[in-house]
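Below is one structure; the comments refer to it alone.
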Amino acid sequence: MYLDFYGLTEQPFSITPNPRYLFLSKHHREVFAHLLFGIRRHAGFIEVTGEVGTGKTTVLRTLFLELEQEEARIAYIFNPCLSAPDLLRTVNREFGLAHQAPPPELHAALNTFLLQENAAGRTVVLVIDEAQNLAVDVLEQIRLLSNLETETDKLIQIVLVGQPELGALLEKQELRQLSQRITVRYHLQSMDAEDTAAYIEHRLGVAGWNRGHLFSEAAMKKIYQLTRGNPRMVNILCDRALLIGYADSIERIDLPEIRRANQEVRRHQADSSFSPVWLWLLLIIPLFALALWALPRSEKEPLPETTILVNPQIDPFTHEVLPFLRQTPTEVNRRNVVNSLLALWGGKPVAAAATLEDALNLSRDQKFVVARLQGDLAALLRLRLPLILEVVDAAELRYLLVTGQTAGGVTVVLDNGRTVTISPSQLAPYWQNRAYLLWKNPLNLSLGQGPFQNSREIVALQSLLSNVGKDVPASGRYDDLTRAAIRSFQHEQQLPVDGIAGMQTLIALYRESRLYGYPIMLTGGGEQ
């Protein structure tokens, strides 16, 4: 109705998922990284929860695009209201296997398929959406599927996605075995104010808007205040605001339109949610209050105060990390961190070597570039790639693989796969500001410090810049427009701003383009 008035080609705020409108906020990128990390590490079970409308399905669609056919085979179940036998039949059908047979035969067919895919180097992934609706016996069937494994590897990666009730369901006593197997957990939060504004602008742009800001800054802030960044609620409110603007011939949406839209949305929701149930509640609540008041006084006494004892905070680096490193032979620690890092990239393990750098150099056959870095931890973390830190304990070199960062510090993976969060202050006495990382340079761009001279390289660089949202024509010339785009990108990524595509800038460009399989470091509030 309002499309022609605003010059739009289609509805920008439809609540129907559309890949063309894909927008990943900071929280969406974090949960996406957690999913990739868990699947590529063959974690076994992954749990993702989030409120209605936070974009869980959007993240799953992005995941499916990332895990190409050559890398993974995916079964996606979005209607989990099934019996245990029906679930097994559905899983087999999704993988193109025989599914009209007794359960033992279904299990055998699935196991054969999983072994074949494992031998071919592909990861098999089962994704179950709306998993909070699963019955207990069906979840037990899913746990049994996870028993299909080799001596060294899980044959199927299972992702459970649902509303927060999923977490409560998994805490049931009869599901404790399943809950204990979940190694990667993440609760998806709504967008912050900055991402909410970017989300609105992005959807308008895809729908054809190109005339500045259709929503005023005050309107954007009000939208965030009213929706708390829930993408579905943002869509509903913005759609209603545009309809109001069209009806009143208002060319720019401001605070009055947002307030009116909110009132109309709330009135509609209130009207649709009022039902006979509310009439019963209105009758029952006063009766319940009267019954409570009639209780003897002794039954209405307040509960006595209870003192809760809290264990003192333990330094995880001193009490967990150091003892573990000290009891692990140097060569084992060195080999494990290198191969764990390669696994994050989807690479193949390498043999033992005399030094960490020698071990990393063995990965060059797999087209990896080895970078040896010096610098403060904050600067290294801005690269947002997994790092190996070199620590010194009693003159002995040991190594820690850093896979994430949180408000409390950095997440390190010990050789047994357990993760521990340690603070920089705990790490400082042992770390000598030396780190290593792997990266890939699939476009074979030069690593010199000066601007590229080769026109092929310049076109490839300009293509990378376009992939990260910079409007740079593929001119083949390292011109002022290209330098300005690089400076803008460097500023956004908190890198040294010099207009030159050096190693750190190239790493960030490849990483942010999302086209080259970079294992982005986990950040934020996820729990593994």
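The values are calculated or read from the model by the stated rules, or taken from the named source; none is laboratory data. Bear in mind the structure is a predicted one, so any value in this text is a computation, not a measurement. Here the Cβ is made from the backbone with ideal geometry for all residues, glycine too, and neighbour counts use every protein chain on show. Areas reflect the complete protein model, heavy atoms only, side chains present, ligands, DNA and RNA absent. Shrake-Rupley method; radii C 1.70, N 1.55, O 1.52, S 1.80 Å.
Assorted remarks:
- The residues of segment 447-458 that are at pLDDT 80 or above and either open to solvent by less than 60 Å² (accessible area, probe 1.4 Å) or in a strand (DSSP E or B) (or both), listed by number, are Glu457, Ile458.
- Gln157, sole failed condition from (1) outside any helix (DSSP H, G or I); (2) closer than 30 Å to Tyr2 by Cβ: (2)
- Of all residue pairs spaced 6 or more apart or on separate chains, those with beta-carbon atoms under 6 Å, a first member in segment 218-241 that is over 23 Å from Phe5 (Cα atoms) and in contact (Cβ under 8 Å) with a residue 12 or more places away in the chain and a second member that is open to solvent by 20 Å² or more (accessible area, probe 1.4 Å) and of a type in the set (Gly, Ala, Ser) are Tyr224/Ala193; Arg228/Ser190; Gly229/Ser190; Asn230/Ser190.
Yes/no matrix, rows are residues, columns are (1) of a type outside the set (Lys, Arg); (2) in contact (Cβ under 8 Å) with a residue 12 or more places away in the chain; (3) open to solvent by less than 40 Å² (accessible area, probe 1.4 Å); (4) touching a strand residue (DSSP E or B) at 6+ places or on another chain (Cβ under 7 Å):
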residue: Leu322; (1), (2), (3), (4): yes, yes, yes, yes
residue: Leu325; (1), (2), (3), (4): yes, yes, yes, yes
residue: Thr330; (1), (2), (3), (4): yes, yes, yes, yes
residue: Arg334; (1), (2), (3), (4): no, yes, yes, yes
residue: Trp345; (1), (2), (3), (4): yes, yes, yes, yes
residue: Pro349; (1), (2), (3), (4): yes, no, no, no
residue: Ala353; (1), (2), (3), (4): yes, yes, yes, no
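- Qualifying residue in segment 172-180 (condition: basic (Lys, Arg) and in contact with a Gly (Cβ under 9 Å, 6 or more places away or on another chain)): no
- Here is the figure for segment 464-490: residues that are open to solvent by 60 Å² or more (accessible area, probe 1.4 Å) and out of contact with any Leu (no Cβ under 7 Å at 6 or more places or on another chain) total 9.
- Looking across Glu70, Glu117, Glu94, one residue alone is at pLDDT below 90 and closer than 15 Å to Glu149 by Cα. It is Glu117.
Rundown of residues vs (1) in a strand (DSSP E or B); (2) open to solvent by 50 Å² or more (accessible area, probe 1.4 Å); (3) farther than 16 Å from Gly375 by Cα, yes/no style:
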{"residue": "Arg398", "(1), (2), (3)": "yes, no, yes"}
{"residue": "Leu401", "(1), (2), (3)": "yes, no, yes"}
{"residue": "Ser425", "(1), (2), (3)": "no, yes, no"}
{"residue": "Asn433", "(1), (2), (3)": "yes, yes, no"}
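- Members of segment 491-516 found to be at positive phi and either at pLDDT 85 or above or open to solvent by less than 10 Å² (accessible area, probe 1.4 Å) (or both), listed by number: Gly499
- Options Ala43, Ala101; residue that is farther than 30 Å from Tyr199 by Cα, crowded, with 18+ Cβ neighbours inside 10 Å and at pLDDT below 85: Ala43
- Per the conditions (1) under 17 Å from Tyr6 (Cβ atoms); (2) at pLDDT 90 or above, the sole criterion not satisfied by Asn210 is (2).
- Only one of the numbered conditions (1) closer than 17 Å to Arg335 by Cβ; (2) surrounded by fewer than 16 Cβ atoms within 10 Å (Cβ to Cβ) is not met by Leu360, and that is (2).
- Considered as a group, the residues in segment 364-381 that are under 27 Å from the mean Cα position of the chain (by Cα) and assigned to a helix (DSSP H, G or I) include one that is nearest to Asn444 (Cα to Cα), and that residue is Gln366.
- In segment 57-69, the count of residues that are open to solvent by 20 Å² or more (accessible area, probe 1.4 Å) and not in a helix (DSSP H, G or I) is one or more.
- Residue in segment 77-90 that is touching a strand residue (DSSP E or B) at 6+ places or on another chain (Cβ under 6 Å) and open to solvent by less than 10 Å² (accessible area, probe 1.4 Å) present: yes
This table checks each residue for (1) in contact with a Gly (Cβ under 7 Å, 6 or more places away or on another chain); (2) assigned to a loop (DSSP other than H, G, I, E, B); (3) within 25 Å of Ala343 (Cα to Cα); (4) modelled with pLDDT of 90 or more.
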{"position": "Pro80", "(1), (2), (3), (4)": "no, yes, no, no"}
{"position": "Pro85", "(1), (2), (3), (4)": "no, no, no, no"}
{"position": "Leu88", "(1), (2), (3), (4)": "no, no, no, no"}
{"position": "Leu106", "(1), (2), (3), (4)": "no, no, no, no"}
{"position": "Val124", "(1), (2), (3), (4)": "no, no, yes, yes"}
{"position": "Val127", "(1), (2), (3), (4)": "no, no, yes, yes"}
{"position": "Val138", "(1), (2), (3), (4)": "no, no, no, no"}
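- Sole residue being under 24 Å from the mean Cα position of the chain (by Cα), in a helix (DSSP H, G or I) and over 30 Å from Thr421 (Cα atoms), chosen from Ser466, Ser488: Ser466
- A count restricted to segment 134-145 and to residues that are out of contact with any Asp or Glu (no Cβ under 7 Å at 6 or more places or on another chain) and surrounded by fewer than 18 Cβ atoms within 10 Å (Cβ to Cβ) stands at 5.
- You will find that of Leu377, Leu373, the residue that is touching a helix residue (DSSP H, G or I) at 6+ places or on another chain (Cβ under 8 Å) and more than 14 Å from Ile507 (Cβ to Cβ) is Leu377 and no other.
- The sole residue among Arg181, Arg122 that is open to solvent by 40 Å² or more (accessible area, probe 1.4 Å), in contact with a strand residue (DSSP E or B) (Cβ under 8 Å, 6 or more places away or on another chain), among the charged types (D, E, K, R) and touching a residue at least 60 places away in the same chain (Cβ under 8 Å) is Arg181.
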